[in-house]
Structures are given as structure tokens and as C-alpha cells.
Amino acid sequence: MNALTIRNLTKTYSNGKQALNGIDLTVEAGDFYALLGPNGAGKTTAIGIISSLVNKSGGEVEIFGHNLDQELEAAKACLGIVPQEINLNLWETVGNIVTHQAGYYGLSGKLRKERVEKYLRALRLWDRRDDVSRSLSGGMKRRLMIARALVHEPKLLILDEPTAGVDIEIRRSMWDFLQEINEAGTTIILTTHYLEEAESLCRRIAIIDEGTIIEDASMSSVLRKLQREVFVLSLAEPLSAAPALKGFETRLREDADLEVEKGQETDLNDLFEQLSAQGIRVISLRNKANRLEEMFMHLVENKGADV
Amino acid sequence: MNLALNIVAVRTIIRKEMVRVLRIWVQTIVPPAITMTLYFIIFGNLIGRRIGVMDGFDYMQYIAPGLIMMSVITNSYSNVVSSFFGAKFGRHLEEMLVAPMSYATIIIGHVAGGVLRGLLVGTLVTIVALFFTDLQVAHPFIMISIVLLSSIVFSLAGFINAVFARKFDDISIVPTFVLTPLTYLGGVFYSISMLPEFWQNVSKANPILYMVNAFRYGILGTSDISIGYAYTILLIFVVVLFTGCMFLMQRGIGIRE
């Protein structure tokens, strides 16, 4: 069964801005799905429509088979949302925020208390349950939003940049937690600017740009498409111009930093042979960017053309 | 609609609203008590002694029901408008909008919160009034039903104001420029029989006149208007305003892009 089915979804804002140009997307139950795209690409608009916080202009959305137009409440019951912006009541206590959310989903009595404790403990917020949310750090606020989204144990959890502004240690612990709940059966859709995050967590990936899906495939097949890598070489002596190397593209970043772009058909031995032949000595070498980031930029620049 | 879910959800909203009212009691409960005490001292005690009798009651007794109703109306309105707009402004309204409860539940929960605050403050003002005058309830059912209906009407009106409001100024415009003048001109301090006929007719276009007078009838047994008209007007307002709230929520006006 599909956790999410989107058909020809369009959104035009009242100011005339076309945010979504008829996107189609299918996410299977149990998947861990990445939705990537540059700022303003339409990710948050799509999530807003799925969570019924934004009115769509056209198209259809189904969550676990429940159409948003015909079975809105059933669709909402399957969904948990962690928005990009902090949207907590800053004057309310941590415990009350999660307790109220459980009540909005119809949980009451012992079950509500158990769930609140379960998720506040899981997100390491139980000791702060009596503190008002404004006293929490940024990372704690994000964890509180995750606890709030999970308290009714949704089948589909959508997280819109959940680790933005969160330090590395907390980010890693959030990754572990998300992997745990995904393994326990929750379908997860994640938008992120940390492409490393998508690469290490997600099994499928969609890339959206200017309101259009330009890539939708498994993470492994997307990464296989990556044919080019960029290396930065630190040279022993500065150069006045980038050397010409057959089969490679070169760019001089600084006097002694040379950027070399290679395709899959060439190898590094060939690169070093050509550099040695020109009397250029290399002190060190590093991969310029995360592979996914590299591919992402190619896709966005070429709008989905093969890279 | 899942009835059990919606009952739990509405109880949750009411509990949240009451916790809010009691948490900020210095803003929600104390000011109306102080304001009404001053009204009783200045208008009832000092000026009232010179006015003498109105419709067969001493002036303090005459204005007490109007002042109680005034505090119920303004507190019901301001509770819903500030709570709902605050949630919209802080974006935690989204907590409710993403949940599977019906829009009617969101409206009823907030209106119930407004009614409870209105009744809480109204009870407090009644206790204050009893320090200044003796109040015998002539028609208890009418008194209770009118105060409940009036509180519901103004809670619904506050909800609509909050839906349209875009900034904090927008939630004070209606109370300042519409609600307060209508309340003062709604027969709280005088009987409209004192006015020339033309102004009597103009006054009858003010819905608050019917609420104040019907409530006064419930307590004192005297009114400038027909109680039947008052019930009719209040019920029409409840239906029209609730329908308006539902329309706004379903269309997402002011709350969804």
C-alpha cells in the first residue's frame, strides 16, 4: 500500500506565484524518503498541502488511501508533521504541549499519559516536562516538535528540515531515533538541506525544483548516476594558470589549489601521470563535496538531464 | 465524524483555555473586577444617589445587571479573539489544524473557553455588586439562558475577528470602536424610555440593548424591550455567527494560504 500518493498537484498563490506545477509522487508504506530541493523549490508548499495547512489549486493527495478531499479526518489521523519553523506555544509547558496534541487526536486517560511519557523520554525531554517551551534550546524545541508529532503514533511522519540549526551530536541522535521508528514501521518523508543526512537515512529520493519533480528514484540508483567527481589538489608550488589535462576539466581556485573534475571513464593514475609530466607536484588531495550534493547541483542546473 | 475523538478534543481545548485564563489571571480576571468596582463606586454610589430611582429601582440596582452583562460580553469576546489570534500568530494553531478533529470542534472548544471566562468574570462582578446593592433574581431561567446565549454570541464574534486579524491592532479595533460604544449605548446606565422617540428607535437596532434588558428582566423583572425579541435575536445571531465561523474554517480564510 502507498503511504502517500500525489497526482498532478498544483499550487498558485494569490500573488500569482506558481509554487507547484503538477507534481506526481508515490511513497510506499515503510519507506524512508528524502524530498530535496533548493529554497523556494516547493517542498514546504507540498508538505503544507499534504498536512492541509495550505489549500491546493488542483490535483489529488491520498494518505494511506484516504483522499484529502473526501476523507480529510481519516487522512489527518494517519499523519504526523514536524514543520520547518518552530510553531510551539512558547508559554505552554513541554508536558502540556504534547498532552494537548494527544487530546486533539482523541487520546485520553491512561493511554494519553503513557504516550506522553513514552515520547518525551524517547526524545530526552521528560526531565523538562514542567518547563515552558520558550526555555528550551533550539535543538530541544525541534525534539519537542518530533515528540508532539509522534504522540498519536502516525503511520506517516513528515519532517521538514528537522535538524536545521541542530548541533552534530543531537543531529546524529535524531538520525538514530528516526531510523528506529522507521524500522518499527513508520513511513518517513524528510526534507533537508544536509544532503549527507538524506544519503545516510533515506532509501528513496525525489528532487523538486521550481515546482517540478526533476528526479524520483532509489537513493542507490541516483548515486549510480553520478558520473563526475571533483577533487581539490593542493600543489607544492603556485601556478599562474590552470594546466590543460587531457580527459579532465581543471580550474585554479587559488594559486596553489587546483580543482580537477573527472568522469567515470578516467582514472586518477592518468591524472597524476599528466601532472608529473608537466612538473606539477601534488601535496594533498581531497574530494570537493558530498557526492549527493554534487549530483543535486547538476540536476538542479540541468533540470533532471542525465549528468 | 468520529464523535468520541471530537469529545476528547473539545475537552482538551476547553482545558487548555481554562489553564490559560487562570495562568494569566492578573490580565484576565483582576482588571474587570477592578473596573466594575469603580463603576459601582462612581456611577452607582456617588452619582447614583443624585439620580434616584429608575424604573422603580434605585440606580445601583438598576445598573448592576447591565454591568454584569457588560463584563460577560467583553470577556467572552476578548478571550476568544486573543487566544485564537495568539495561536494563529504563534503558529501553534497548526497543532489543531493538522489534527483529525472537525472544524466545529475547534470553534466549540474556543467558544466554550470564552463562555467559561465570561461566566467566571460575570460571577466575580456579581459578588462585587452584592457588596453595593441587594439583587433578587426574578426569573432565574431567563437570567441564565440570556447570559449564556449572549456569551456564546460574543465568543463567536471574537472567533471571527481573530480569523480575519492579521496583527495585534486588529484584535483591539472591534472592542474599542464597536463593542464598547454599543455596550454604553445598550441601556447599561439608562432606560431607553428616557430618550426621544427617534433615539429610542435607533437604540433598538443595537443588539446589546436586547441582551442587557433581557438579563435585567431576569434579575429585576423590568425591561425596555420584549423578552421574546431578545431570544429571537440572540438565537439568530448564534446560528448566523456559527455558520460564518464554519464557512471561514472550511474555506481556510485567514488561517490557510
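The values are calculated or read from the model by the stated rules, or taken from the named source; none is laboratory data. The structure presented is a predicted model; accordingly, all values stated were derived computationally and were not measured. Positions of Cβ are generated from backbone atoms using ideal geometry, with glycine treated the same way; all protein chains shown enter the neighbour counts.
A quick yes/no check of all residues on (1) within 13 Å of chain A (Cβ to nearest Cβ); (2) in a helix (DSSP H, G or I); (3) in contact with an Asp or Glu (Cβ under 6 Å, 6 or more places away or on another chain):
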residue: B:82; (1), (2), (3): yes, yes, no
residue: B:106; (1), (2), (3): yes, yes, no
residue: B:112; (1), (2), (3): no, yes, no
residue: B:121; (1), (2), (3): no, yes, no
residue: B:126; (1), (2), (3): no, yes, no
residue: B:131; (1), (2), (3): no, yes, no
residue: B:134; (1), (2), (3): no, no, no
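Those helices (runs of 4 or more DSSP H) of region B:1-70 in which 3 or more residues are under 29 Å from residue B:81 (Cα atoms) occupy B:3-23, B:25-28, B:30-39. One residue alone among A:275, A:252, A:239, A:245 is among the aliphatic types (A, V, I, L, M) and assigned to a helix (DSSP H, G or I), and that residue is A:275.
Being surrounded by fewer than 23 Cβ atoms within 10 Å (Cβ to Cβ), touching a residue at least 12 places away in the same chain (Cβ under 8 Å) and under 24 Å from residue B:152 (Cα atoms) is true for just one of B:9, B:33, B:4, B:64. Which residue is that? Residue meeting the stated conditions: B:33. Residues that are over 27 Å from the mean Cα position of the chain (by Cα), within 30 Å of residue B:20 (Cβ to Cβ), assigned by TED's automatic domain parsing to the domain that holds residue A:188 and buried (at least 18 other Cβ atoms within 10 Å of the Cβ) do not occur anywhere in region A:73-84.
The set of residues in region A:26-43 being within 14 Å of chain B (Cβ to nearest Cβ) and surrounded by fewer than 21 Cβ atoms within 10 Å (Cβ to Cβ) is empty.
Restricting region B:208-232 to residues that are among the hydrophobic types (A, V, I, L, M, F, W, C) and farther than 9 Å from residue B:146 by Cβ leaves a set whose member that is surrounded by the most Cβ atoms within 10 Å (Cβ to Cβ) is B:212.
Of the residues making up region A:227-281, just one is in contact (Cβ under 8 Å) with a residue 12 or more places away in the chain, under 23 Å from residue A:296 (Cα atoms), exposed (fewer than 14 other Cβ atoms within 10 Å of the Cβ) and basic (Lys, Arg), namely A:253. Considering every residue within region B:84-99, establish whether at least one is surrounded by 23 or more Cβ atoms within 10 Å (Cβ to Cβ), within 8 Å of chain A (Cβ to nearest Cβ), outside any helix (DSSP H, G or I) and in contact (Cβ under 8 Å) with a residue 60 or more places away in the chain. Looking through region B:84-99, at least one residue is surrounded by 23 or more Cβ atoms within 10 Å (Cβ to Cβ), within 8 Å of chain A (Cβ to nearest Cβ), outside any helix (DSSP H, G or I) and in contact (Cβ under 8 Å) with a residue 60 or more places away in the chain.
Which residue, of A:146, A:170, A:188, is part of a strand (DSSP E or B) and crowded, with 16+ Cβ neighbours inside 10 Å? One residue alone meets the criteria, A:188.
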